[in-house]
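> Sharing a structure, written as structure tokens. Questions coming.
The values are calculated or read from the model by the stated rules, or taken from the named source; none is laboratory data. For clarity, every value in this text was computed on a predicted model and none was experimentally measured. Every residue, glycine among them, receives a Cβ derived from its backbone with ideal geometry; neighbour counts consider all protein chains shown.
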Amino acid sequence: MMITRRLFTAVTTAAATAKAVALTPPGAAAADIADRRELFVDRHLIDRLSGSATQQLHHPEPRETALVHDAPWEGAGSGYHSIFQDGALYRMYYKAWHIDVTGGKLRSDSHPGYCCYAESDDGIRWRKPELNLVDFRGSKANNIVIAGGPVGSLNLDAAHPAICKDENPEAAGDARYKGFIRSADKKAHGLIAMKSPDGLRWTPMSAAPVIVDGAFDSQNLAFWDPVGKQYRAYWRIFTEGVTTGDAWKPKGIRAIRTAVSSDFLNWRDLRDLSYVESPPQQLYTNQVKPYHRAPHLLIGFPTRYTEREWSPSLRALPEREHREQRSAAGVRYGTAITEALLMASRDGVLFHRWNEAFLRPGAEREGTWNYGHQYVGWHLVETKSSLPGAANELSLYAGESYWTGNSSEVRRYSLRLDGFVSINAGWGGGEIITKPVKFEGGRLDINFSTSAAGVLRVELQNAAGGPIPGFTESDCDELFGDAVDRTVTWKSSGDVSKLRGTPVRLRFVLKDADLYAFRFAAGR
């Protein structure tokens, strides 16, 4: 049963001591979570919140500038980053492009668009290697991996790349890396599938675009889904796009479409994304990919596009002169502002999208609060913390200074592992009770944080909501601290193996604490 926002809010604000009847229908089957790590990015396993307990969206922290796109073949229009860890190496691919606005005109002809490559040993310090692969103005001393232009029957637009390592264990040796780039041929509109044996040398996989139904004026991507055992694609559409002759004309709002494939070439089951209790909004990128610590969860960071009216607040934002120049070429170029949202799905089509911004434009400074700001790269990676001895963190990367000068930048942001959303309770205390689940592990590990005076306890209940002897709240050893993997114990024992395969509920009782994730892990 889908919990409506009104009902969910009412339950959220109920008294912490209330013993209301659980919302799960009687006799409902227990969800089999095996030994998966479960996050609170949706309400899939939440049956009841009470007291001060709520789902709280968290926000990445800005860190250093990761890369500046200031090479002659790059420029102010560079972006659409793809980032992933490949063994000990971190790889980054991006469009290299320049946009200039002078005399009330938008110009992007200083050089063609390219797909470029950067790499890092730690995900923090990045370098642009000289690859000697593609000629730029008489020299191959650059980091370009794909150039636009004719290749056989295709005409490549290298300025819209989305690159990944193919995690399909049956991927061919010459296609260990795959990606989409856009066709530059207006009569052959669509996405071109690319392959590479080493991530540097690229060739098309077919003689024609493999997806043709869409707008594609964004970063359009595809990847191997290790849980569904198939490829998934996500790309930009307008909700009412129409074809007139050779031209595709946008109508409606900017939205996202998906499809699946067994071979990266033949795509089926085209569907538009739908959302749980979220209004239609203008969405540019999607940035969907399995979360590496919980691959059954598809996490996306779509760009929300908002057009503002000219007003004192708009004029007070940074770089007013640039904003007015862009508006002279097209009003929305100066009045639009972008930021990133968070969304999550378990089936790849229906998403829980947080309507509040995940990555806001932030403090007003040069290069921010404009059209093209805070486009999050695809996807996040795990990196070491800047605090010695602390647990690893998540790093994500977002663009700045988009088309406001001669170059653009990408900044790294950090977030706690699993730290997208928590169950948070204040000093007054609160609790969460899950729907019935079955598990395979032998111990319960949690990712949590408390204040020095805060506390968290866990009670395991039967499917009807009754405490299980030996695993009650009073049996639970109190938890406090800040850890990404702490084993819960009851009277000093963390062994839950005797409940393996039995439907149980988890009741988390919190005071001045956050709970980010839980997992029934192997062992005791």
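Yes/no matrix, rows are residues, columns are (1) of a type in the set (S, T, Y); (2) in a strand (DSSP E or B):
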{"position": "I432", "(1), (2)": "no, yes"}
{"position": "K438", "(1), (2)": "no, yes"}
{"position": "I446", "(1), (2)": "no, yes"}
{"position": "S449", "(1), (2)": "yes, yes"}
{"position": "A453", "(1), (2)": "no, yes"}
{"position": "V458", "(1), (2)": "no, yes"}
{"position": "Q461", "(1), (2)": "no, yes"}
{"position": "P469", "(1), (2)": "no, no"}
{"position": "S474", "(1), (2)": "yes, no"}
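> Please verify whether R353 is at pLDDT below 95 and buried (at least 22 other Cβ atoms within 10 Å of the Cβ), treating the condition exactly as stated.
Details: at pLDDT below 95: no; buried (at least 22 other Cβ atoms within 10 Å of the Cβ): yes.
In short, no.
> Further, regarding this structure: Filter the strands (runs of 3 or more DSSP E) completely within the range 40-98 down to those with at least 1 residues that are closer than 22 Å to R412 by Cα.
Because the criterion is at least 1 residues that are closer than 22 Å to R412 by Cα, the strands (runs of 3 or more DSSP E) in the range 40-98 that meet it are 54-57, 61-69, 79-86, 89-96.
> I would also like to ask the following. If I go through the range 482-519 residue by residue, how many of them are charged (D, E, K, R) and either under 22 Å from T450 (Cα atoms) or under 28 Å from the mean Cα position of the chain (by Cα) (or both)?
We begin by selecting, within the range 482-519, every residue charged (D, E, K, R); these are 482, 485-486, 491, 495, 498, 500, 505, 507, 511-512, 514, 519.
Checking which are either under 22 Å from T450 (Cα atoms) or under 28 Å from the mean Cα position of the chain (by Cα) (or both) leaves us with 482, 485-486, 491, 507, 511-512, 514, 519.
Summing the residues that are charged (D, E, K, R) and either under 22 Å from T450 (Cα atoms) or under 28 Å from the mean Cα position of the chain (by Cα) (or both) in the range 482-519 gives 9.
> In addition: Among the numbered conditions (1) free of Cβ contacts under 8 Å to residues at least 12 places away in the same chain; (2) in contact with a strand residue (DSSP E or B) (Cβ under 8 Å, 6 or more places away or on another chain); (3) of a type in the set (D, E, K, R), tell me where D121 comes up short.
Unmet condition: (1).
> Going through I99, I124 one at a time, which residue ends up being assigned by TED's automatic domain parsing to the domain that holds E393, surrounded by 15 or more Cβ atoms within 10 Å (Cβ to Cβ) and either under 18 Å from K195 (Cβ atoms) or within 25 Å of the chain's Cα centre (by Cα) (or both)?
Values: I99 fails: either under 18 Å from K195 (Cβ atoms) or within 25 Å of the chain's Cα centre (by Cα) (or both).
Within the list I99, I124, the selection yields I124.
> If you don't mind, another one. Would you confirm, using the coordinates I've provided, whether D174 is surrounded by fewer than 17 Cβ atoms within 10 Å (Cβ to Cβ), among the acidic types (D, E) and part of a loop (DSSP other than H, G, I, E, B)? Lay out the reasoning, then the answer.
Details: surrounded by fewer than 17 Cβ atoms within 10 Å (Cβ to Cβ): yes; among the acidic types (D, E): yes; part of a loop (DSSP other than H, G, I, E, B): no.
Here the answer is no, as D174 does not meet what is asked.
> Select from the range 476-501 the residues that are touching a Cys at 6+ places or on another chain (Cβ under 9 Å), part of a loop (DSSP other than H, G, I, E, B) and not polar (S, T, N, Q) and write down the one among them that is surrounded by the most Cβ atoms within 10 Å (Cβ to Cβ).
Among those that are touching a Cys at 6+ places or on another chain (Cβ under 9 Å), part of a loop (DSSP other than H, G, I, E, B) and not polar (S, T, N, Q), it is V488.
> Go through the range 303-350 residue by residue and tally those that are without any contact (Cβ under 8 Å) to a residue 24 or more places away in the chain, surrounded by 13 or more Cβ atoms within 10 Å (Cβ to Cβ) and of a type in the set (G, A, S).
The qualifying residues number 1.
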